[in-house]
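Read the structure below first, then the notes.
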Amino acid sequence: MASLSPHPLWRMEQQFWLGDAAFHAQHLAPGALMVLPPPVGVLDRAGTLASIRGVPRWETVRFDDQVLADDGTGVVVLAYRAHASRGAPGGAYAALCSSTYVRHQDQWLLALHHQTPLP
């Protein structure tokens, strides 16, 4: 995998792709939303946690065209092109993604994640 930008949120973003339900539970904001391609659609925090339990996680992910917007107010937006694989034939996936993180009690929490699949 290519090295990630030095901002610590890029490492956290990677773990949202590769990590387990415990990681998600620890780092999702209480009102977090995921906007995922059909048939999944929009998931709240509880729906997100339920959706990743018992399903194979991504084995690899690479981020390209990374952009980070930080206006210094405790909100950071990441935008990038993701290339992920579950390792099985036909398990490759590419999408344009954005994530919004909020600073809460000295911890970054994911508030919103959006994926637009690429052909």
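The values are calculated or read from the model by the stated rules, or taken from the named source; none is laboratory data. Values in this document were obtained by computation on a predicted structure and should not be read as measured data. Positions of Cβ are generated from backbone atoms using ideal geometry, with glycine treated the same way; all protein chains shown enter the neighbour counts.
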Practice prompt. Considering (1) touching a residue at least 12 places away in the same chain (Cβ under 8 Å); (2) more than 24 Å from residue 6 (Cα to Cα), say which one residue 66 fails and leave the rest.
Written response: (2)
Response to the item:
If you go through 108, 58, the only one that is aromatic (Phe, Trp, Tyr), more than 20 Å from residue 7 (Cβ to Cβ) and either assigned to a strand (DSSP E or B) or in contact with a Leu (Cβ under 7 Å, 6 or more places away or on another chain) (or both) is 58
Discussion item. Restricting to the stretch 61-88, count the residues that are closer than 18 Å to residue 104 by Cβ and either aliphatic (A, V, I, L, M) or not in a loop (DSSP other than H, G, I, E, B) (or both).
Written reply: 5
Worksheet item: Considering the stretch 13-30 alone, what residues qualify as being under 8 Å from the mean Cα position of the chain (by Cα) and buried (at least 16 other Cβ atoms within 10 Å of the Cβ)?
Response: 13, 14, 16, 17
Practice prompt. Could you list all residues from the stretch 10-46 that are touching a strand residue (DSSP E or B) at 6+ places or on another chain (Cβ under 8 Å), part of a helix (DSSP H, G or I) and within 24 Å of residue 92 (Cα to Cα)?
Written response: 10, 12, 13, 14, 16, 17, 18
Item to complete: Working only within the stretch 71-119, note down all residues that are in contact with a Lys or Arg (Cβ under 6 Å, 6 or more places away or on another chain) and at positive phi.
Response: 74
Worksheet item: Is at least one residue of the stretch 43-56 at pLDDT below 95, under 13 Å from the mean Cα position of the chain (by Cα) and of a type in the set (A, V, I, L, M)?
Response: yes
Fill in: Subset of the stretch 89-103 [surrounded by 13 or more Cβ atoms within 10 Å (Cβ to Cβ) and either assigned to a strand (DSSP E or B) or at pLDDT 95 or above (or both)]
93, 94, 95, 96, 97, 98, 99, 100, 101, 102
Item to complete: Can you run down the residue pairs with Cβ atoms below 7 Å, 6 or more apart or on separate chains, where the first is in the stretch 7-34 and in contact (Cβ under 8 Å) with a residue 60 or more places away in the chain and the partner is among the hydroxyl-bearing types (Ser, Thr, Tyr)?
Response: 9/101; 13/99; 28/48; 32/48; 34/48
